[in-house]
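Since every read-out is calculated from the coordinates, none of them should be taken as a lab result. Computed from a prediction, not measured in an experiment: that's the story for all the values here. Please note: Cβ atoms are built from the backbone with ideal geometry, for glycine as well, and neighbour counts cover all protein chains shown.
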Amino acid sequence: MDGPTAHAFDNAARRFLEVSASATGHYDDPGLGEWSVRDLLGHTSRSLTTVETYLDVAGDESDPVDLADAVAYYLAIAGALADTAAVAQRGRAAGAALGEDPMAALTALVARVPERVRATPATALVRTPFGTMTLQGYLPTRTLELTVHTCDLAATLGVSADVPHDAVAETFAVIGGLAAAQGTASAALLALTGRLPLPAGYSVL
């Protein structure tokens, strides 16, 4: 798979790795919410490991596509995201799985997974727990997660996020699509154009 979607994912992954280097020696520090920095790294690394896992159980080409794109995916997982305890535990488990040298584990992931994406057709099917998608449809969800959590990590560590432009553009496309699907786009548009603040607690995820 080649093209803008794959490039945005690759660039987001590389920037996550660069920011992660500043976490060395701070893995037990507070990260995001109840997560430590290690937990946050682990959660974000799932943006890479899930691509690999789902491609390992890729659907047959004749299988129906259940979820057309990233917006459909996020709408489908809304209930799972509401289970914050389960999300938190998966982050902790993924952080622990990074082992004694998290940077080595992350470096290997960032070297391996985007390369596999490049070697896989865009139309390849991936089986998520919420439905079958094409790789082209699924990958922007991983770019969004990498981009947003790189910003979380940078804020926690006090460094610049400086996320790549193409990754940001793809992330905003998904976020905008979610806002439109949820009927909350006007609030986001007014806030982003400096007219009104966002309502308290506003989120598309």
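A few comments on the model shown:
- Relative contact order computed over the stretch 4-192 (Cα-Cα under 8 Å; 6+ residues apart), in percent: 37 percent
- Here is the list for the stretch 1-83: GluC sites (Glu not before Pro) lying in DSSP coil, each with at most 15 other C-beta atoms within 10 angstrom of its C-beta, are 34, 61.
- Normalised by residue count, the stretch 63-200 yields a Cα convex hull volume of 153 Å³ per residue.
- Among 11, 185, 70 - extreme Cα towards positive end, dipole of the chain, charges at beta-carbon: 185
- Put simply, the amide H of residue 128, placed in the peptide plane, has neighbours under 5 Å in 133, leaving out anything fewer than 5 places away on its chain.
- Ascending count of other beta-carbon atoms within 10 Å, so fewest first, for 204, 87: 87, 204
- For the stretch 128-173, convex hull volume per residue from C-alpha positions, Å³: 77 Å³
- Most fluctuating residue given options 123, 44, 141, as computed from a GNM of the chain linking Cα atoms under 10 Å: 123
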